[in-house]
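Notes to accompany the following structure.
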Amino acid sequence: MPAQVTATPKGGAGQADVSERDAGALRGRRADRDTLSEDSVLPPDFSPKPFACASDRRGDTIHLRPAGELDMASVPLLEARLRDALDGGGRRLVLDLRELDFMDSTGLTLLARWSLGARQDGYALALVPGGERIQRLFELTGMAPHFDFVDG
């Protein structure tokens with residue numbers, strides 16, 4: 001059973017009285033957070049790639065291939081690429097998710113907004129499914145049925 005840590009305010013703001021056993025547990029957690037434990041879901045040699053997005057045009061279809069991590073920091077970059085594709089005359093956007101290592105809720109929100117925009121504004125948006133971790137986000141959130149998934 002995990003130890004319960006209770007902090008009792010003392011003296012000044014932000015100070016707490018922590019038992020010696022709990023302090024040792026906290027020190028251990030701090031030391032461990034920079035290393036992966038053997039039961040981690042990430043491989044020991046995992047190092048996230050910086051975000052990048054390649055694209056190519058085939059007629060009025062523009063294929064975008066984001067790679068790396070799609071998160072709060074990179075969503076504006078992908079949104080700019082999508083906007084450029086649409087402004088450049090692309091009437092069908094195909095977003096290939098196979099090179100993404102990670103996508104958080106901000107990435108999913110971006111895709112949902114663009115999917116809704118496609119239906120409202122008359123362009124098409126299709127997604128090439130990503131790896132297992134990426135697709136699991138769509139499934140866990142119940143969002144998969146709201147997207148047009150196509151083969152790569």
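Structural remarks
- Some residue of region 111-128 being touching a Gly at 6+ places or on another chain (Cβ under 6 Å) and at pLDDT 95 or above: yes
- Annotation: of all residues in region 66-89 being closer than 20 Å to residue 119 by Cβ and in contact with a helix residue (DSSP H, G or I) (Cβ under 9 Å, 6 or more places away or on another chain), the one that is surrounded by the most Cβ atoms within 10 Å (Cβ to Cβ) is 82.
- Applying a threshold of 6 Å to beta carbon distances and a minimum spacing of six or more residues, or different chains, the list of pairs starting in region 112-130 at a residue that is free of Cβ contacts under 8 Å to residues at least 40 places away in the same chain and ending at one that is among the charged types (D, E, K, R) and not in a loop (DSSP other than H, G, I, E, B) reads 124/92; 128/96.
The values are calculated or read from the model by the stated rules, or taken from the named source; none is laboratory data. Predicted, not measured: the structure shown is a model, and the values here were computed from it. Please note: Cβ atoms are built from the backbone with ideal geometry, for glycine as well, and neighbour counts cover all protein chains shown.
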